[in-house]
Amino acid sequence: MSVDEDETRQRLKAAVHYAVGRMCQRMREDHRRDFSRQVVAAIAETTFRQCDIFAKDLEAFARHAKRSTVSSEDVKLVARRSTALSIYIQNKSEELNQEQRDLKKKNTGKRRSRDTEESRE
C-alpha cells in the first residue's frame, strides 16, 4: 500500500469513527444509553472492516461483469445477505429511479417548450 493510500485509509477510518461516535452520542441523548470509548472504537472498527469487504465485493462484481463502474445492481447484490439492508437499498434505488424519470420528464417538457417558442419566432 502506498503512502497516499495509507493516508486516505486512515482518514476514512477516522471519518467512520467520528460518524459512529456521533450516532452513539445521539443514542445516548435519545435513549439514555451510554457507550464507552472501547465500544465506540469496536463498532467503528467493525463498520470500517465491513465497508472494506463491501468495497472489495463491489469491485469484484463489476470486474466479473467486465465493467469498470459499479452499478446499482452490484450494490443490491452485496446487500442480499441482510434483509433489512436489501429492502432499504431496493427502496432507495426505486426512489432514485423515480427522481431520474421525473427530472427527465421535466427537462423534456422544457425542451419542447423552448422548441415551440423558437418555431414561433
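Values in this text are rule-based calculations from the coordinates and carry no lab data. Remember, it's a predicted structure, so these values are computed and weren't measured experimentally. Reconstructed Cβ throughout: ideal geometry from the backbone, glycine too, with neighbour counts over all protein chains shown.
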**Fill in**
Computed about the Cα centre, the charge dipole of the chain from +1 Lys/Arg and -1 Asp/Glu charges at the Cβ has a magnitude in debye, to the nearest 20, of 340 debye
**Request:** Could you compute the FRET efficiency for residue 69 and residue 18, with r as their C-beta to C-beta distance and R0 at 22 Å, rounded to 0.05?
**Result:** 0.15
**Item:** Entry for Kirkwood radius over Cα pairs in Å (calculated from the structure that is shown) out of [x] 19.4; [y] 17.0; [z] 18.4
**Value:** [z]
**Fill in**
Expected unfolding gain across residue 51-residue 27 under the 0.36 nm per residue rule, minus the alpha-carbon gap, is 6.5 nm
**Message:** Taking 0.36 nm per residue of sequence separation and subtracting the Cα-Cα distance, how much length would be gained by fully extending the chain between residue 88 and residue 105, in nm to one decimal?
**Reply:** 3.5 nm
**Message:** What do you get for GluC sites (Glu not before Pro) in region 1-83 restricted to DSSP loop and a cutoff of at most 13 other Cβ within 10 Å of the site's Cβ?
**Reply:** none
